[in-house]
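S.K.: Submitted below is the structure of interest, expressed as structure tokens.
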Amino acid sequence: MTERQLVVAGAVMLLIGVGAGAFGAHGLKRLISPEMLGVWQTAVLYQLVHGLGLLLLAVLCARFGVSLLGVAGGVMLLGILIFSGSLYALVLTDVKWLGAITPIGGVAFLVAWGMVAVAAYRGS
């Protein structure tokens, strides 16, 4: 991903994350169990943290000029979509097997942050 794409993706993920957080706090709170609300909040938290991560990667790309950071951004975005997306879908549909997909997103987060570390280590 380019610096511009990272900023756009990060901003969109943050926009959606704030909306999802508000929806959970105000719209879903009375409709779902406290346990499922916790699942929703976990999805929001990871989306917001990694949305900020995408913005950080745009800054780091400018600093280190390493294409690996752009790839890490793509992997991080995929992680958001899989991790948070599967949890949102689990809460909204109560389809339990969706929880089995969530760790794939978590692994994508780990891989992305590992790539960031490698890129920073190798960068000038």
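Each value in this text was obtained by applying a stated rule to the coordinates, not by laboratory testing. Just so you know, these numbers come straight off a predicted model, no measurement behind them. We place every Cβ from the backbone using ideal geometry, glycine too, and count neighbours over all the protein chains shown.
S.K.: Between LEU52 and GLU35, what is the label-point separation in nm under the 7 Å Cα-to-beta-carbon projection?
M.R.: Those two pseudo-labels are separated by 3.0 nm.
S.K.: So, one more: Given the Cα-Cα distance of TYR121 and VAL107 and 0.36 nm per residue of separation, how much length would full extension add, in nm?
M.R.: Contour length minus the Cα-Cα distance gives 2.9 nm.
S.K.: How far, in degrees from 0 to 90, does helix 102-122 lean away from the longest principal axis of the Cα atoms of the chain, to the nearest 10?
M.R.: So the inclination is approximately 20 degrees.
S.K.: Please give the length that would be gained between ALA89 and GLN5 if that part of the chain were fully extended, namely 0.36 nm times their separation in residues minus their C-alpha to C-alpha distance (nm, one decimal).
M.R.: In short, 27.7 nm is gained.
S.K.: What are the ³J(HN,Hα) values, in whole Hz, obtained from phi via the Karplus relation 6.51 cos²θ - 1.76 cosθ + 1.60 with θ = phi - 60°, for each residue of segment 92-100 in sequence order, with x given for Gly and Pro?
M.R.: 6, 10, 6, 7, 5, 5, 4, x, 6
S.K.: Sort out the exposed loop trypsin sites (Lys or Arg not before Pro) in the chain (DSSP loop, at most 16 other Cβ within 10 Å) and tell me the longest stretch that has none.
M.R.: Between the exposed loop sites, the longest stretch runs 31-124.
S.K.: Compute, for the chain, the length of the dipole vector about the Cα centre, with Cβ point charges of +1 (Lys, Arg) and -1 (Asp, Glu) only. Units Debye, rounded to 20.
M.R.: For the chain, the charge dipole is close to 120 debye.
S.K.: If each DSSP helix of 4+ residues adds -39,500 (n - 2.57) and the sum is divided by the residues in the chain, what number results at 222 nm, nearest 500 deg cm²/dmol?
M.R.: -28500 deg cm²/dmol
S.K.: Relative contact order of the chain, please, whole-number percent, based on alpha carbon pairs below 8 angstrom and at least 6 residues apart.
M.R.: Reported as a whole number, the value is 29 percent.
S.K.: May I pose another question? For a footprinting-style exposure proxy, rank GLU35, GLU3 by other Cβ within 10 Å, fewest first.
M.R.: Ranking GLU35, GLU3 by Cβ neighbours within 10 Å, fewest first, gives GLU35, GLU3.
S.K.: Pairing the Cα long axis of helix 34-64 with the longest principal axis of the chain, what angle in degrees results, from 0 to 90 and rounded to the nearest 10?
M.R.: 10
S.K.: Report the gain in length on full extension from SER67 to ALA25: 0.36 nm times residue separation, minus Cα-Cα distance, nm rounded to one decimal.
M.R.: 11.3 nm
S.K.: In nm, to one decimal, how far is the VAL59 label point from the LEU81 one, both placed 7 Å along Cα→Cβ?
M.R.: Distance between label points: 2.6 nm.
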